[in-house]
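Colleague: Below you'll find the structure I mean.
The values are calculated or read from the model by the stated rules, or taken from the named source; none is laboratory data. Nothing here was measured: the structure is a model prediction, and the numbers come from that model. Using ideal geometry, Cβ is built from the backbone for each residue, glycine included, and neighbour counts are taken over all protein chains shown. The accessibility values were calculated without ligands, DNA or RNA, using every heavy atom of the protein model including side chains. Shrake-Rupley method; radii C 1.70, N 1.55, O 1.52, S 1.80 Å.
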Amino acid sequence: MTQDELKALVGQAALKYVVHGEIVGVGTGSTVNKFIDALATMKDQIKGAVSSSEASTVRLKALGIPVFDSNEVESLSVYIDGADEIDHQGHMVKGGGAALTREKIVAAQSQKFVCIADESKLVDALGAFPLPVEVIPMATARVMRQFVAMGGTAAVRQKDGQPLVTDNGQHIVDVKGLKITDPVAFENTVSQWPGVVTVGVFALQKAQVCLLGTSTGVKTLS
Ligand code: 5RP
């Protein structure tokens, strides 16, 4: 099976976690796009979605799924999102699609995080994928120096020759070469650095369930 087919498989499999009559939290990325397409087949059985990015909002609305502002919804039963890396404890690295801040917000208001990913995303320890960190531009150089001091190599993510601007008007720093042996401690530490909006380690809002697309079908890790 191709990676695209594996993504479609887990996107479809995630439907069983959607609670009928409720609003579902929806992440961002190519795997989530497959989930959104699948969700459209049951759109009459849900109230709508809270979306984690402008891109997902556009796709949801195009398929006729109502999108609610996160402030309108106190709590969500479930949040479905992809990951760039996930370990066996459900800790993740996210933000490859630059939507990490809104993803963490929607994850925080959800009772259950269901991660959907193809098997290439499962790792023994986080850190091989360059860690995305959303940063207020004024603090970029300082935050990058702090990562260098930790042994990493940091670069500002570019788009069309300019720093990429997130949905929140900020920049993304991608950090290579980090060893994230204690994801909770790492997230707690970096989140407190002045100018860091969101670090792409999701350990405090980790996945309770991971639907992993493999060549032999969907494996459920929980
Ligand atoms: C976006 C994300 C995505 O969930 C992550 O990058 C995985 O994306 P894909 O499903 O395209 O591999 O965190 O900010």
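Colleague: Just the residues that are within 12 Å of the ligand (Cβ to nearest atom) and either open to solvent by 20 Å² or more (accessible area, probe 1.4 Å) or part of a helix (DSSP H, G or I) (or both), please, taken from region 99-109. Walk me through how you get there before you give the answer.
Modeller: Within region 99-109, the first condition is being within 12 Å of the ligand (Cβ to nearest atom), and the residues that meet it are 99-104, 106-107.
Within region 99-109, Leu100, Thr101, Arg102, Glu103, Lys104, Val106, Ala107 qualify.
Colleague: Hey, another quick one. Considering only strands (runs of 3 or more DSSP E) fully contained in region 110-214, which possess at least 2 residues that are exposed (fewer than 15 other Cβ atoms within 10 Å of the Cβ)? Steps first, answer last, please.
Modeller: Values: elements: 110-118, 131-135, 153-156, 171-176, 196-199, 209-214.
Output list reads 153-156.
Colleague: Tell me, which residue of region 18-49 that is of a type in the set (Ser, Thr, Tyr) and within 16 Å of the ligand (Cβ to nearest atom) is nearest to the chain's Cα centre (by Cα)? If you could, list the steps in order and put the result at the bottom.
Modeller: Going through region 18-49, the residues of a type in the set (Ser, Thr, Tyr) turn out to be 28, 30-31, 41.
Keeping just the survivors that are within 16 Å of the ligand (Cβ to nearest atom) gives 28, 30-31.
Numbers: Thr28: 6, Ser30: 11, Thr31: 10 Å.
Once the filter is applied, the top-ranked residue is Thr28.
Colleague: Related question: When you go through (1) within 15 Å of the ligand (Cβ to nearest atom); (2) touching a residue at least 40 places away in the same chain (Cβ under 8 Å) one by one for Ser77, which number turns out not to apply?
Modeller: (1)
Colleague: With Lys159, Lys94, Lys179 as the choices, which residue is within 15 Å of Gly200 (Cα to Cα) and at pLDDT 95 or above? Reasoning before the result, please.
Modeller: Numbers: Lys159 fails: within 15 Å of Gly200 (Cα to Cα); Lys179 fails: at pLDDT 95 or above.
The conditions single out Lys94.
Colleague: Now a separate question. Can you tell which of Thr140, Thr181 is over 30 Å from Leu76 (Cβ atoms), in contact (Cβ under 8 Å) with a residue 40 or more places away in the chain and touching a strand residue (DSSP E or B) at 6+ places or on another chain (Cβ under 8 Å)?
Modeller: Working: Thr181 fails: touching a strand residue (DSSP E or B) at 6+ places or on another chain (Cβ under 8 Å).
Result: Thr140 is the single residue among Thr140, Thr181 that is over 30 Å from Leu76 (Cβ atoms), in contact (Cβ under 8 Å) with a residue 40 or more places away in the chain and touching a strand residue (DSSP E or B) at 6+ places or on another chain (Cβ under 8 Å).
Colleague: What's the total number of residues in region 1-33 that are open to solvent by 50 Å² or more (accessible area, probe 1.4 Å) and part of a helix (DSSP H, G or I)? Quick ask: steps written out before the conclusion?
Modeller: Within region 1-33, the subset open to solvent by 50 Å² or more (accessible area, probe 1.4 Å) is 1-5, 9, 12, 16, 19-20, 22, 30.
Keeping just the survivors that are part of a helix (DSSP H, G or I) gives 3-5, 9, 12, 16, 30.
Total satisfying the criteria: 7.
Colleague: Would you mention how many residues in region 86-97 are surrounded by fewer than 24 Cβ atoms within 10 Å (Cβ to Cβ) and in contact with a Leu (Cβ under 9 Å, 6 or more places away or on another chain)?
Modeller: Going through region 86-97 one residue at a time, the tally reaches 3.
Colleague: Failed condition for Ser52, given (1) surrounded by fewer than 23 Cβ atoms within 10 Å (Cβ to Cβ); (2) within 15 Å of the ligand (Cβ to nearest atom), with all others met?
Modeller: (1)
Colleague: Give the number of residues within region 127-161 that are in contact with a Pro (Cβ under 6 Å, 6 or more places away or on another chain) and on the phi > 0 side of the Ramachandran plot.
Modeller: Going through region 127-161 one residue at a time, the tally reaches 0.
Colleague: Mind listing whichever residues of region 59-82 are among the small types (Gly, Ala, Ser) and open to solvent by 10 Å² or more (accessible area, probe 1.4 Å)?
Modeller: Within region 59-82, the first condition is being among the small types (Gly, Ala, Ser), and the residues that meet it are 62, 64, 70, 75, 77, 82.
Hits for region 59-82 are Ala62, Gly64, Ser70, Ser75, Ser77.
Colleague: Hey, can you tell me all the residues within region 55-74 that are over 16 Å from the mean Cα position of the chain (by Cα) and either assigned to a loop (DSSP other than H, G, I, E, B) or within 14 Å of the ligand (Cβ to nearest atom) (or both)?
Modeller: Passing the criteria: Arg59, Leu63, Gly64, Ile65, Pro66, Asp69, Val73, Glu74.
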